[in-house]
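Trainee: For reference, the structure I am asking about is given below.
Here, each number is a calculation from the coordinates, and none is a lab measurement. Since this is a predicted model, take the numbers as computed values, not measurements. Cβ coordinates were reconstructed from backbone atoms using ideal geometry, including for glycine residues, and neighbour counts include every protein chain displayed.
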Amino acid sequence: MNIVIKTILSRVFLAILTLLAVSMFIFWAAEVLPGDIAARVLGREATEEAKQAFRERLNLDRPVHERYLIWLSGAVRGDFGHALASQRSISEVVGPRLKNTIFLALYAFILYVPITVFLATISALNRERPLDNAISLLTLIGLSLPEFVIGTLLIYIFAVNNPIFPVMANVQRAKSFWDAVRMTTLPAITLTIVMAVYSVRMLRDNLIEVLESDYVRMATLKGLPRWRVVFFHALPNALVPALNTMALNLAYLIGGVVIVEQVFVYPGLGTQLVEAVFLRDAPVIEAIALLVSLIYISANLFTDIFSILSNPRLRTG
């Protein structure tokens with residue numbers, strides 16, 4: 001057990017160091033690059049006195065390392081400052097968009113997990129049969145199509161030709177929870193397809209390998225039902241190597257949905273990040289980038305810890 005605790009603590013320490021390094025890069029990329037933020041925000045006609053007052057208010061007149069420490073200490077407390085464009089608190093600007101992105105991500109993840117497990121299991125149990133070949137063909141087609149093509153096809157089929165779902169996923173106008181679910185269905189399906197095509201193939205190969213292992217054959221020889229052998233003996237062990245892919249997909253759901261949000265005009269973090277870059281709103285860019293990095297690193301840390309706890313050699317070490 002001591003080995004397990006030491007390994008987990010080392011992973012946590014490494015995650016903290018990684019997040020600290022990422023925060024440095026984010027701050028440098030957003031604020032330290034050439035260009036006068038005061039002149040960019042206030043405009044060319046602003047007086048030098050107004051620019052100087054703006055720099056003092058945002059600590060832009062201080063050395064770079066002091067500005068970074070001030071920003072980092074505020075970020076640790078959850079205070080990212082104020083947006084340059086609207087002069088509103090970052091939490092007020094980013095908070096609603098973060099909730100929308102989390103809602104979309106949870107919806108897509110709820111669809112993604114059972115669909116991936118079902119298709120991979122069916123494909124593995126029917127190895128090299130017509131059903132397996134059909135699923136493989138569908139995954140190859142999904143791999144070859146980018147997100148905006150899948151989203152556009154779904155809009156054309158289910159919003160234009162058959163007006164089942166709205167073209168734009170404007171959840172801010174939803175009148176109820178189920179109305180929001182209906183508006184978010186097409187972008188959620190798009191994200192599910194993008195994630196599942198990778199995971200189905202990986203989980204299928206893992207499951208085929210586990211089904212051919214000795215302990216699974218022994219369970220079959222003991223007379224256990226086929227469904228019990230698959231779902232209670234083979235599938236849990238096949239899922240462990242696929243956890244890294246699931247963690248990457250979870251991180252992609254939060255931070256990598258820019259294209260999908262743009263296609264469906266979804267008011268999430270992705271569209272807000274694009275708007276902040278267009279307006280050169282450095283505090284908003286820093287806050288969103290750090291939040292996405294935190295989620296990404298946390299997802300990978302969770303996967304590492306789960307893999308460590310599921311390793312019998314470490315548990316008995």
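Trainee: Taking 0.36 nm per residue of sequence separation and subtracting the Cα-Cα distance, how much length would be gained by fully extending the chain between residue 133 and residue 53, in nm to one decimal?
Mentor: Result for the pair: 22.1 nm of gain on full extension.
Trainee: Separate question: Taking region 178-263, which trypsin sites (Lys or Arg not before Pro) meet the DSSP loop condition and have no more than 14 other C-beta atoms within 10 Å?
Mentor: Those satisfying the criteria are 222.
Trainee: Which residue, 179, 304, 132, has the most motion in a Gaussian network model of the chain that connects Cα atoms within less than 10 Å?
Mentor: Looking only at 179, 304, 132, the biggest GNM fluctuation is shown by 179.
Trainee: Does anyone have the angle between helix 243-255 and the longest principal axis of the chain? Alpha-carbon axes, 0 to 90°, nearest 10?
Mentor: Around 30 degrees separate the two axes.
Trainee: For the chain, what is the mean residue ellipticity at 222 nm derived from helices alone (per DSSP H run of n ≥ 4: -39500 (n - 2.57); sum divided by total residues; nearest 500 deg cm²/dmol)?
Mentor: Value at 222 nm, helices only: -23500 deg cm²/dmol.
Trainee: Under a Cβ-Cβ cut-off of 12 Å, what is the net charge of the residues other than residue 270 that fall near it, where Lys and Arg count +1 and Asp and Glu count -1?
Mentor: -2
Trainee: Now a separate question. Residue 82's amide H: which non-local residues (gap 5+, or another chain) put their own amide H closer than 5 Å, with H modeled 1.01 Å from N in plane and none for Pro or chain starts?
Mentor: Under 5 Å from the amide H of residue 82: 90.
Trainee: Something else: Any chance you could check the Cα centroid distance between region 275-309 and region 158-213 for me, in angstrom?
Mentor: 22
Trainee: For the chain, take the longest principal axis of its alpha carbons; what is the angle in degrees between that and the long axis of helix 282-309, to the nearest 10 within 0 to 90?
Mentor: Roughly 30 degrees between the two axes.
Trainee: Among the GluC sites (Glu not before Pro) within region 56-136, which fall in a DSSP loop and have no more than 11 other Cβ atoms within 10 Å of their own Cβ?
Mentor: Here the sparse-neighbourhood loop sites are 128.
Trainee: Still on this model: Taking the chain as a Gaussian network, where each spring joins two C-alpha atoms under 10 Å apart, which residue of 289, 188, 219 fluctuates the most?
Mentor: So, out of 289, 188, 219, the one fluctuating most is 219.
Trainee: Moving to a separate point now. Can you give the net charge of the other residues whose Cβ lies under 14 Å from the Cβ of residue 97, counting K and R as +1 and D and E as -1?
Mentor: -2
Trainee: Which option, [x] 1.06; [y] 1.01; [z] 1.03, is the value of Rg/Rh (Cα atoms, Kirkwood Rh) that was calculated from these coordinates?
Mentor: Looking at Rg/Rh (Cα atoms, Kirkwood Rh) for this model, the match is [x].
Trainee: Report the relative contact order of region 94-281, percent, no decimals, based on alpha-carbon pairs under 8 angstrom and at least 6 residues apart.
Mentor: That works out to 33 percent.
Trainee: Shifting gears a bit: If I take every Cα pair under 8 Å that is 6 or more residues apart in the chain, average their sequence separation and divide by the length, what percent do I get for the relative contact order?
Mentor: Relative contact order for the chain comes out at 28 percent.
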